[in-house]
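Read-outs: derived from the displayed coordinates by stated rules, not from any lab. None of these values were measured; they are calculated from a predicted model. All Cβ positions, even for glycine, are placed from backbone atoms using ideal geometry, and neighbour counts span all protein chains on display.
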Amino acid sequence: MADALENDQPLLVATSLSKSYGRIAACRDVSFSLHPGEVLAIVGESGSGKSTLLQLLSGQLAASGGHVSYRMRDGVTRDLATLGEAERRFLFRTDWGFVHQDPAQGLRMAVSAGANVGERLMAVGWNHYGRIRETASDWLGRVEIDTARIDDAPRSYSGGMRQRLQIARNLVTEPRLVFMDEPTGGLDVSVQARLLDLLRSLVAELNLAVVIVTHDLAVARLLSHRVMVMKGGRVIETGLTDQVLDDPREPYTQLLVSSILPA
Amino acid sequence: MNAPAYNFAYLDEQTKRMIRRAILKAIAIPGYQVPFASREMPMPYGWGTGGVQVTAAILGPQDVLKVIDQGSDDTTNAISIRKFFAKTAGVATTTATEDATVIQTRHRIPETSLHANQVLVYQVPIPEPLRFLEPRETETRRMHALAEYGLMHVKLYEDIARFGHIATAYAYPVKVNARYVMDPSPTPKFDNPKMDNSPALQLFGAGREKRIYAIPPYTKVVSLDFEDHPFEPYRFNAPCALCAAEDSYLDEIVTDDKGGRMFVCSDTDYCEGRQAAGHHGSLSAAPYKEKAGSHG
């Protein structure tokens, strides 16, 4: 019951978000709300403003207009722009996750996998080596990495393993919201399938809210509940995933859907 | 014997004022790295340009200066800096720890307990403890500002994961006054406990990196560690071969090419003091002729 009530309130609300770089409007008047456990895919071609939107939502970029509010763990909804830098960074390494397309951006390539996963725990004050290692090892298992490789640096990992390690590193503090920027980009299809499968089960298991940016409609179909289609910085169509992908209304979305290469 | 071409203690008074302001700020914010306009000194970077500038700024005509390099009063670096100040400031110099008012050091803290009215000046090569973990200076400054020190533990974690224990043996990170994480310069971690609650003022100067930081007297200094891997000072398990000291930090000296070695106090003043007081180690008669290996 309490859970249902929790889920009733949006976790993240974006209100008329805009961002312009000089005369170029990268993102115009984007509004939506995201509930706990909900997966929202943002699709669109390169340059449509997807990544800018993701950076606005995660507070890494200051918006030119509009605002983002987030319901903190204590239940208070706050405007991200009013958070101090310390609070924002704390949020970023506890209640949020950010999965980069390139794992090298999200990982420390020179330190071991165990330390990569343990870093967030140490940042929030864990001070017991044994427990940090145990938790790290547990998470490696959950993302299907052989725990015998806990002391290896991600440099020696394959692309798919690196991406799974990045996910473990983000999820170790049990965030409620994870941003993903093309998490399957650059991986071959079988590795992609395995990663998507893993992501899907983790999202369900942890009741994660996810904002995932992708140009791959198959990824959107597999993972997301809702889809937002962006073009030229605007959201041109939004709806349930199957509705948007199977019955697209806008000509651009129709074009996007019909450009999927048949396997 | 002042060299007339130079101001007292080499640096001009304006420069000293600038350095003193940085020192005062550093003392006000224990462990915080204060930027300062480091000058070129008549010695190469890495030879203690930071320490020399701090010493020059605090030195007065009544001061008694001691300079040590790795604990020793008689190595090139120590002798040349001591001579430098004897010449440019005309101050008295000493090798006895308890007689000195200003002690400039490279990589050691003297064994003899320091007292109030003493200032210990460290030569620092790299002041930023997070440097090798986070290469961006902008980022490390932000991390200090927000007290985000999880990364420092990542390094210790890596040590344990690789070697089974915290293998960092020198420049062991400390937390000063429960706020700033600080690099104690490359002193062996054996010396870390001496920094805690010391009655002497401790100043750190990094010339190339242009930073000054400080530990005021009687300030809490804690070495970082894990609950299940606590901080442990390291010392070779042997008495000093010259003075039989069991409590001093030892240098290992290789004496031949057959594995022979001897352990002697790295603090020469402490060792000589003990020998003068009648303590004798196994090799104190003629250390360089004896066949080593008979001790420990």
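Just a few scattered comments:
- Antiparallel %, DSSP beta bridges [both residues in chain B], to 5: 60 percent
- Counting Cβ atoms of other protein chains within 10 Å of each Cβ in B:139-145 and taking the mean gives 1.
- Ellipsoid equivalent to chain A - semi-axes via the Cα gyration tensor, in Å: 30, 23, 17
- Overall, the ratio between the Cα radius of gyration of the range A:28-178 and 2.2 N^0.38 Å, rounded to two decimals, is 1.13.
- For A:ASP79 and A:THR147, the difference between the fully extended length at 0.36 nm per residue and the C-alpha to C-alpha distance is 20.5 nm.
- For the range A:60-69, the Karplus equation 6.51 cos²θ - 1.76 cosθ + 1.60, evaluated at θ = phi - 60°, returns couplings of 7, 10, 7, 6, 7, x, x, 8, 10, 10 Hz by residue, with Gly and Pro reported as x.
- For the range B:223-276, relative contact order (Cα pairs under 8 Å, six or more residues apart, normalised by length) works out to 30 percent.
- Förster radius 22 Å - calculated FRET efficiency between B:GLU134 and B:ILE29, Cβ distance, rounded to 0.05: 0.60
- Both radii are taken from the alpha-carbon atoms of the range B:13-223; with Rh as the Kirkwood radius, Rg/Rh is 0.96.
- Mean Cα-pair separation over length for chain A, i.e. relative contact order, pairs under 8 Å, 6 or more apart, %: 25 percent
- Computed [θ] at 222 nm, deg cm²/dmol, chain B (DSSP H ≥ 4; -39,500 (n - 2.57); rounded to nearest 500): -7500 deg cm²/dmol
- The protein assembly as shown, dipole about Cα centre (Lys/Arg Cβ +1, Asp/Glu Cβ -1), debye to the nearest 20: 1460 debye
- P(r) tail, the protein assembly as shown: Cα-Cα pairs separated by more than 32 Å, 57% of all pairs.
- Given +1 at the Cβ of Lys and Arg, -1 at the Cβ of Asp and Glu and no other charges, the dipole of chain B around its Cα centre is 980 debye to the nearest 20.
- Listed pairs B:LYS16/B:LYS66; B:LYS16/B:LYS220; A:LYS50/B:LYS155; B:LYS155/B:LYS175; B:LYS66/B:LYS155 exceeding 25 Å between Cα atoms: B:LYS16/B:LYS220; A:LYS50/B:LYS155; B:LYS66/B:LYS155
- Each Lys and Arg Cβ is given +1 and each Asp and Glu Cβ -1; about its Cα centre, the range B:235-283 then shows a dipole of about 160 debye.
- Reference-scaled alpha-carbon Rg (2.2 N^0.38 Å with N residues) for the range B:235-283: 1.09
- With both labels modelled 7 Å from their Cα along Cα-to-Cβ, the B:PHE236 to A:ASN127 distance reads 3.4 nm.
- The protein assembly as shown - share of DSSP beta bridges that are antiparallel (%, nearest 5): 55 percent
- For A:VAL178, residues with placed amide H under 5 Å, excluding near neighbours: A:GLY97, A:ALA209, A:VAL210, A:VAL211
- Stokes-Einstein D for the range B:201-286, Kirkwood Rh over Cα pairs, 25 °C, 0.890 mPa s (µm²/s): 153 µm²/s
- Histogrammed with a bin width of 5 Å, the alpha carbon distances of the range A:182-227 distribute as 5, 21, 35, 27, 11, 2 percent, first bin at zero.
- A straight chain from A:SER16 to A:LEU255 at 0.36 nm per residue would run longer than the Cα-Cα distance by 83.4 nm.
- Listed residue (B:ALA26, B:THR97, B:PRO216) projecting farthest to the positive dipole end of chain B, Cβ model: B:ALA26
- Cα radius of gyration and Dmax for the range A:153-246 (Å): 14.0, 43
- Between A:GLN60 and A:MET109, the C-beta separation translates, for a Förster distance of 22 Å, into a calculated FRET efficiency of about 0.55.
- Each of the trypsin sites (Lys or Arg not before Pro) that DSSP puts in a loop and that has at most 15 other Cβ atoms within 10 Å breaks chain A; the longest unbroken stretch is A:74-248.
- Across every pair of non-identical alpha carbons in the range B:31-150, the mean reciprocal distance, once inverted, gives a Kirkwood radius of 15.6 Å.
- Scalar couplings 3J(HN,Hα) for the range A:209-223, obtained by applying the Karplus form with A = 6.51, B = -1.76, C = 1.60 to θ = phi - 60°, are 8, 10, 10, 10, 9, 7, 9, 9, 5, 5, 5, 4, 5, 6, 9 Hz; x denotes Gly and Pro.
- Rounded to whole numbers, the Karplus 3J(HN,Hα) couplings from phi for the range A:26-39 are 7, 8, 10, 6, 9, 10, 6, 10, 10, 9, x, x, 9, 10 Hz, using 6.51 cos²θ - 1.76 cosθ + 1.60 with θ = phi - 60°, and x at Gly and Pro.
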